[in-house]
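Accompanying notes for the structure given below.
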Amino acid sequence: MAPKVYIIIYSLYNHVYTLAQEVQKGLEASGAEAKIFQVPETLSEEILTKMHAPPKPDVPVITVDDLKEADGFLFGIPTRFGSMPAQIKSFLDATGGLWASGALAGKFAGTFFSTASQHGGQETTAFTTITYFAHHGMIYVPLGFANPHLFDNSEVVGGSAYGAGTVANGDGSRQVSQKEREIAQTQGENFGKIVSTYLKGKNSA
């Protein structure tokens, strides 16, 4: 049976959603079943309008109970001052019941990001997210330097050893580059292969 991986995002201006679609391509190339979800919004429509936020991606809103159904998760996170936004934190904070029952122990997790600048905190956002995975007993899968574009210093390229990423500019004007798309695909494919290998071994034991 193909591993089931949920891509869980918060995307205000669609940069993270664009990366998520590339991650999904990579996961599907590995043979995994991949589905994109978004976390619940905490901002009012009035505030979103004032922020000139476009319509939300046409993907389902995830619930905490949905997490029990998947073998692994890739979280797409736009950074806020070097950490996750309130919407992601609110969702993760609501997983206490799953922690108490151990429902997520042994499942796989990874991260990818969007920041306004090159030094906007993609790695520190990973650090503050990994603590949730550790407390749940989940298995964190970093990207490493699996894609050669991560060594490219000829232009701005988001991402790091902790996961794919993009740099959106403060006004959101920079779109996800081709190199960033390819890095995201690599992350999805590698993640899917690792989850699949684990499940095959577990099922044959």
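Residues of segment 71-108 that are farther than 17 Å from V16 by Cβ, among the small types (G, A, S) and surrounded by fewer than 21 Cβ atoms within 10 Å (Cβ to Cβ): A94, G96, G97, A100, S101, G102, A103, A105, G106. Within segment 176-187, is there a residue that is assigned to a loop (DSSP other than H, G, I, E, B) and closer than 19 Å to S11 by Cβ? Scanning segment 176-187 turns up at least one residue that is assigned to a loop (DSSP other than H, G, I, E, B) and closer than 19 Å to S11 by Cβ. Residues that are within 10 Å of the chain's Cα centre (by Cα) and assigned to a helix (DSSP H, G or I) were ranked within segment 8-25; the one that is surrounded by the fewest Cβ atoms within 10 Å (Cβ to Cβ) is Y17. Are any of the residues in segment 145-167 touching a residue at least 40 places away in the same chain (Cβ under 8 Å), hydroxyl-bearing (S, T, Y) and in a helix (DSSP H, G or I)? Taking every residue of segment 145-167 in turn, none turns out to be touching a residue at least 40 places away in the same chain (Cβ under 8 Å), hydroxyl-bearing (S, T, Y) and in a helix (DSSP H, G or I).
Of the residues making up segment 168-205, those that are farther than 14 Å from Q21 by Cα, out of contact with any strand residue (DSSP E or B) (no Cβ under 6 Å at 6 or more places or on another chain) and of a type in the set (A, V, I, L, M) number 3. Against the definition (over 18 Å from F113 (Cβ atoms), assigned to a helix (DSSP H, G or I) and of a type outside the set (S, T, Y)), how does K193 come out, yes or no? Judged against the criteria, K193 is a match. Which ranges mark the helices (runs of 4 or more DSSP H) fully within segment 26-119 that have 1 or more residues being in contact (Cβ under 8 Å) with a residue 12 or more places away in the chain and touching a strand residue (DSSP E or B) at 6+ places or on another chain (Cβ under 8 Å)? Those helices (runs of 4 or more DSSP H) span 86-93. Across segment 19-54, the qualifying residues are those that are polar (S, T, N, Q) and within 19 Å of K89 (Cβ to Cβ), and the one among them that is modelled with the highest pLDDT is Q38. All of K68, K35, K56, K50 fail the test of being surrounded by 17 or more Cβ atoms within 10 Å (Cβ to Cβ), charged (D, E, K, R) and out of contact with any Gly (no Cβ under 9 Å at 6 or more places or on another chain), apart from K35.
Of all residues in segment 120-144, those being in contact (Cβ under 8 Å) with a residue 40 or more places away in the chain, closer than 19 Å to V5 by Cβ and of a type in the set (S, T, Y) number 2. Return a yes/no flag: does segment 53-69 have any residue that is closer than 19 Å to E28 by Cβ and small (G, A, S). Taking every residue of segment 53-69 in turn, none turns out to be closer than 19 Å to E28 by Cβ and small (G, A, S).
The values are calculated or read from the model by the stated rules, or taken from the named source; none is laboratory data. Because the structure is a prediction, the values reported are computed rather than measured. So basically every Cβ, Gly included, is an ideal-geometry build from the backbone, and we count neighbours across all protein chains shown.
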